[in-house]
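Trainee: This is the structure, below, for whatever I ask next.
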Amino acid sequence: MSEDMEDGGDIKKFMYMNRKAPYGTIYALEALEVVLIGAAFDQDVSLAFVDDGVFQLTKGQDTAGIGIKNFSPAFKALGDYDVTKLYVEKESLEERGLTADDLMDLVYEDEDDDWAEKPSIRLVSRDELKTVLAEQDVIMSF
Amino acid sequence: MKFGVVVNEGPYTHQASDSAYQFTKEAIAQGHEIIRVFFYHDGVNNGTRLTVPPGDDRHIQNNWSELAKEHNLDMVVCIAAAQRRGILDENEAKRQGKDADNIAEGFRISGLGQLIEAGIQADRLVTFGD
């Protein structure tokens, strides 16, 4: 952690770890609620999706049969909240028979590049994610 | 060092609240500062004053309330998570038209911003849960 955080005036790197399936438990939904509130604090925000957490980003979710609200469309709004770094672990996808094509098309508009539309999802290996995690100041695990 | 503590599981079913309590108590004993204990997910259930465990068992909620009183701890229960699970203070009970409240002494109900703020202000944010 940087020494200049003492006065609280600098930006911290926040990582939200999403490890659980979107339904079955409430962790995924309540994690997203933290991310959306946290977006108002102007910190450097990243999300990671590992283990069953990768199911949170799959497209075509239909929860009609379980009587629970499908909250997956909310992920599409993250770009508007300047939440633009969604790391998805390749091994977790592979272990579950998923590929990047199974995931929602999530994008953000890059203000430093004439508002060009860019993908928010970054596929990373377990090793690469380890490096990303080591750079964080605050990790919240859900 | 300044610690923020997050409790994500309810009492008794899960050891998270016990572990968080032991950690908080010991951190204070060793001279560290606990800037906030934040209760989220089922962790909000630690904040009801209506729990009645058997007499030969630890009283998790009372333990927290006493620790808060002794060390002036800031213990925050997430409002959104609390409302879902029926944890209300007097104001919320009135606002929601409920006939009772159940928040325990030393706990206060507030928003998720308090969790983010704890992450910003603490040197380390320590999470207890699954």
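Trainee: Where the second residue is part of a strand (DSSP E or B) and open to solvent by 30 Å² or more (accessible area, probe 1.4 Å) and the first is within 18 Å of A:Tyr27 (Cβ to Cβ) and within 7 Å of chain A (Cβ to nearest Cβ) and lies in the range B:108-130, which pairs have Cβ atoms under 7 Å and are six or more apart or on separate chains?
Mentor: Going by the 7 Å Cβ cut-off, the qualifying pairs are B:Gly119/B:Leu125; B:Thr127/A:Ser141.
Trainee: Among the numbered criteria (1) within 13 Å of chain B (Cβ to nearest Cβ); (2) under 22 Å from B:Asp130 (Cβ atoms); (3) among the hydrophobic types (A, V, I, L, M, F, W, C); (4) in contact (Cβ under 8 Å) with a residue 40 or more places away in the chain, which single criterion is violated by A:Ile66?
Mentor: (1)
Trainee: Within the range A:11-127, which strands (runs of 3 or more DSSP E) (wholly inside it) include 1 or more residues that are of a type in the set (Lys, Arg)? Please lay out each step first, then the result.
Mentor: Working: elements: A:13-18, A:44-49, A:86-89, A:107-110, A:116-119, A:121-124.
Here the list reads A:13-18, A:116-119, A:121-124.
Trainee: Only one of A:Thr58, A:Thr99 is surrounded by fewer than 12 Cβ atoms within 10 Å (Cβ to Cβ) and either over 25 Å from B:His41 (Cβ atoms) or among the polar types (S, T, N, Q) (or both); which? Give the derivation first.
Mentor: Values: A:Thr58 fails: surrounded by fewer than 12 Cβ atoms within 10 Å (Cβ to Cβ).
Going through A:Thr58, A:Thr99 in turn, just one is surrounded by fewer than 12 Cβ atoms within 10 Å (Cβ to Cβ) and either over 25 Å from B:His41 (Cβ atoms) or among the polar types (S, T, N, Q) (or both): A:Thr99.
Trainee: Any residue that is over 19 Å from A:Leu29 (Cβ atoms) and at pLDDT 95 or above - is there at least one of those in the range B:75-84? Spell out the reasoning first.
Mentor: Initial filter on the range B:75-84 (over 19 Å from A:Leu29 (Cβ atoms)): B:75-76.
Checking the rest, the ones that are also at pLDDT 95 or above come to B:75-76.
Looking through the range B:75-84, at least one residue is over 19 Å from A:Leu29 (Cβ atoms) and at pLDDT 95 or above.
Trainee: Return the only residue of A:Asp137, A:Asp114, A:Asp101 being more than 22 Å from A:Pro73 (Cβ to Cβ) and free of Cβ contacts under 8 Å to residues at least 24 places away in the same chain.
Mentor: A:Asp114
Trainee: In the range B:63-77, is there at least one residue being of a type in the set (Lys, Arg) and away from every other protein chain (no Cβ under 14 Å)? Talk me through it step by step, then tell me what you get.
Mentor: Quick first cut of the range B:63-77, residues of a type in the set (Lys, Arg) only: B:69.
Of the ones still in play, those that are also away from every other protein chain (no Cβ under 14 Å) are B:69.
Checked against the condition, which is being of a type in the set (Lys, Arg) and away from every other protein chain (no Cβ under 14 Å), the range B:63-77 yields at least one hit.
The values are calculated or read from the model by the stated rules, or taken from the named source; none is laboratory data. The structure displayed is predicted, hence computed values, not measured ones. No Cβ is skipped: glycine too gets one built from the backbone with ideal geometry, and neighbour counts run over all protein chains shown. Note: areas computed on protein heavy atoms with side chains; ligands, DNA, RNA excluded. Shrake-Rupley method; radii C 1.70, N 1.55, O 1.52, S 1.80 Å.
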